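Single-structure report; data block below.
Laboratory data are not the source of any read-out in this text; all were calculated from the coordinates shown. Please read all numbers here as calculations on a predicted model, not as lab measurements. Here the Cβ positions follow ideal geometry from the backbone for every residue, glycine too, while neighbour counts run over all protein chains shown.
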Amino acid sequence: MRYALYLGCTIQSEQYGYEASVRETLPKLGVELVDMKGASCCGFPALNSVSKLGWHYLSARNLAIAEDMGLPLLPLCNGCHLSFVETKHFLKEDPELKNIINMNLEKEGLHYEGSTRVVHLLEVLHDEIGAQGIGEKVVKPIGGVKLAAHPGCHAIRPSDLQRVDDAEDPQKLNSLIKALGAETFDYPEKIDCCGSQLAVASGRTTLKIAGDKLKAVRSYGFDGLVTTCPFCFKMYDGRQRAIRGALKDDTLEVPVFYYTQLLGLAMGSSPDRLGLQMNMSPVDGLVERMTE
Amino acid sequence: MKPVMVIGGGVAGIQAALDLADRGLEVHLVEKTPSIGGVMAQLDKTLPTMDCSICILAPKMIECFRHPNITIHTQSQVKEVSGGTGNFDVKVLKEPRSVDESKCTGCGICSQKCPTKVIDGWQEGLTTRKAVYIMFPQAVPLTATIDREHCLYFQKGVCQVCSKVCPAGAIDYEQRPEELNLNVSSIVVATGFQEYDPTELKEYGYGRFKDVLTAMEFERLVCASGPTGGHLNRPSDNKLAHRVAFVQCVGSRTHKKGYPFCSSVCCMYATKEAVLIKEHDPTSEVNVFYMDLKVFGKGFQQFVNRAKSHYGVNYVRGRPGEIRMNPLTNDLTIWYEDTANGDVSSMEADLAVLCTTMIARPENVELAKALGLELDEWDFFKSLNPLTNPVETGMPGVFLCGCSHGPRDIPESVAEASGAAACAAEVARRFM
């Protein structure tokens, strides 16, 4: 299992804990991560709504680099993953756009063919390594902890494209959480949006959407929330204090984790190797419980 | 005159068999399950008169059984057909009942003493039956049958309790599959339908949430002979369901998952089921989510009007997008757009009923090959001409009725059955 590791903007600019925990855990599971030279933005966050060409050019550029490396592309972010999958889909249907993009890529000696396989972290963990394979590597099971799964919208929708899990009933993250020895169950708000896409247009609405989900997670007795998307994580973790303010609820404290951070704990890595000191939600108590 | 064969022992097949027999023709009624009766026997009430379904059907079933001109072949399936109109040679495979039909009195002691519990398909999986069982209290023939796939004797060579307790000595483990070769003048196909399985429509949570039922499951739940004695105890926690939501057009009138055609009966059966809940408990909150109400039959519109005004059933025009379940309370939340005012809202419910469409029976494919009939793209049998020859087929001497050629309600199935029987009788007379 060798992948071109695509980090994307959010992780490199602020979500260091995700990168740290991925680099700490995946190699131990037999995954070789190869860094990409000259990778750029995936084009997704804003460009896709103003410039179709700009978006697909940036996206195809990264795909072309991976093509050149001869490796499948592993983006860690749900948004980047969808961006690459969509670009592959649209360029297949629009050879003219593909030609224009290739004319631009040629300037730096790149060529986009569309042969790169785009893989999601959940697919690597669930479909390739498998819950059983992960279970075998667990040395310190995370017992007695109830964790809510948040797969994130872009991992599962739009269902017409090649997505990671079922749009209405995603279960891969749940089975991966169970593989670590933790308890998880479905809750009604599981596939609700984190709200981050609205952040620019309406900050308050964003906080309300994210806050409602955190409140729901707490009401079902979960000890924490788990995701693999840096955008969602940023909402629930980084903005949790702002959410408390917006909802006027000082008691709303939900520990939020990247799945790979929990995976690392279960495989015996120390919390600081997993970037847990950088989580902004109150994870310390729970980490202590899980590591004792 | 040569006999006529009727394939399928639901209400359509029963009606066709009785019509033919009353004309003095000998009839072979071939039924796949251990009893005739079909889906109508499972229904609680009929519409729009709210008559007890089995009370209307059972006398017809018994008449079939007692009629000197009708031979009922249960647990039997048509395997091969050769010849042509006026002279069909039909090979029928009869599965062993492991109970001697001539000796069994239907007392049910075998079933009481049998140690093996099996999920009861006739009760739509809502309860269990035994490995030796009588399909339902009004079964015809009222004869026990052994489910060999689950019977301890057939699986492990032990037990034999039923044969020890049977006062009539009717248990016969040695029965073998039997091949019947029947020569008939004409054939009436009345194979019926099966209910669409809505598991693939994950947004509705069927299969994940115990309190999301199909309409057939609901029929059993609300029926006095059902698993709860007709009390609306929802499956998850036995709580009495007070708020019930019906979702129309599940698996029908869709171009994504499911089928594009209208199931033609859901608007009415949902109304009937809604009224039943209100009759059980007038304070219940019953909502029917619909796209548009297709209530074109005799007395149908008045029935819906009465459901609204007299019983207080609420109709919401909107197709729900999602059903969710609270893991702490098991309560359901229905998310929908009320297209009457454009509002997106949600509603809590104790129970949700998915009004699933009727689809073709999987056996149609093999049967069509054997009979030389054409199927439509959904595996329903094709009429010769749906306008002018609705019950005739491309194969002279073979006739259709009921849901074998598409979704339809009981009155239409019965009317067609009489039509198909008349056509079949005409063939029998011509070739006598």
Taking the protein assembly as shown, the equivalent ellipsoid from its C-alpha gyration tensor has semi-axes in Å, biggest first, of 58, 29, 27
Net charge of Cβ neighbours under 13 Å - reference B:Ala241; Lys, Arg +1; Asp, Glu -1:
-4
Zone of A:Ile100 (label point 7 Å along Cα→Cβ, backbone N under 11 Å): which residues in region A:37-56?
A:51-56
When A:Trp55, B:Trp122 are arranged by how many other beta-carbons sit within 10 Å of their Cβ, fewest first, they go B:Trp122, A:Trp55
Neighbour counts of other C-beta atoms within 10 Å: give me B:Cys403, B:Cys223 arranged from fewest to most.
B:Cys223, B:Cys403
Region A:139-291: relative contact order in percent, alpha carbon pairs under 8 Å with at least 6 residues between:
26
Exactly which chymotrypsin sites (Phe, Trp or Tyr not before Pro) in region B:351-415 are in a DSSP loop and have at most 14 other Cβ atoms within 10 Å?
B:Trp378
Under a straight-distance cross-link criterion of Cα-Cα below 19 Å, which aspartates and glutamates are reachable from A:Lys137, leaving out those fewer than 8 residues away in the same chain?
A:Glu24, A:Glu32, A:Glu123, A:Asp127, A:Glu128, A:Glu183, A:Glu292
Taking a cut-off of 16 Å between Cα atoms, list the lysines near A:Lys234, but don't count ones fewer than 8 places away on the same chain.
A:Lys208, A:Lys213
Just to check I understand the Karplus step: with θ = phi - 60° and J = 6.51 cos²θ - 1.76 cosθ + 1.60, what whole-Hz values come out for region A:204-220, glycine and proline as x?
5, 4, 4, 5, 5, 4, 5, x, 4, 5, 4, 5, 4, 4, 5, 5, 8
May I ask you to list the GluC sites (Glu not before Pro) in region A:43-109 that are in a DSSP loop and have at most 11 other Cβ atoms within 10 Å of their Cβ?
A:Glu108
Rounded FRET efficiency, nearest 0.05, which uses the C-beta distance separating B:Ala340 from A:Asp249 and R0 of 41 Å:
0.70
Hey, if you drop one equal point scatterer on each alpha-carbon of region A:2-106 and run the Debye formula without solvent, what base-10 log of I(q)/I(0) do you get at q = 0.10, 0.16, 0.17, 0.21 Å⁻¹?
-0.28, -0.69, -0.77, -1.10
Distance in nm between label sites at B:Asn330 and B:Thr85, each 7 Å beyond Cα in the beta-carbon direction?
5.7
Using 24 Å as the Cα-Cα cut-off, could you pick out the over-long pairs in B:Lys32/B:Lys156; B:Lys2/B:Lys94; A:Lys28/A:Lys88; A:Lys52/A:Lys92?
B:Lys32/B:Lys156; A:Lys28/A:Lys88
Might you list the cysteines of chain A that have no disulfide-compatible partner by the rule of another cysteine's Cβ under 4.7 Å?
A:Cys9, A:Cys41, A:Cys153, A:Cys193
Per residue of A:186-194, other chain Cβ atoms within 10 Å number on average 3
Over 18 Å between Cα atoms, which of B:Lys202/B:Lys294; B:Lys130/B:Lys210; B:Lys272/B:Lys294; B:Lys202/B:Lys256; B:Lys210/B:Lys294 qualify?
B:Lys202/B:Lys294; B:Lys130/B:Lys210; B:Lys210/B:Lys294
Between B:Ile62 and B:Lys117, what is 0.36 nm times their sequence separation minus the Cα-Cα distance? Round to one decimal in nm.
16.9 nm
Check cross-link reach from A:Lys215 to the aspartates and glutamates: straight Cα distance under 16 Å, and skip same-chain residues fewer than eight apart.
A:Asp186, A:Glu189, A:Asp192, A:Asp223, A:Asp237, A:Asp249, A:Asp250, A:Glu253
By counting other Cβ atoms within 10 Å of each Cβ, how are A:Met1, A:Met278, B:Met268 ranked from fewest to most?
A:Met1, A:Met278, B:Met268
Mean separation of Cα contacts under 8 Å (6+ apart) over length of region B:109-165, as relative contact order %:
35
Looking only at region B:1-34, which residues have a backbone nitrogen under 11 Å from a spot 7 Å from the Cα of B:Asn183 in the C-beta direction?
B:2-3
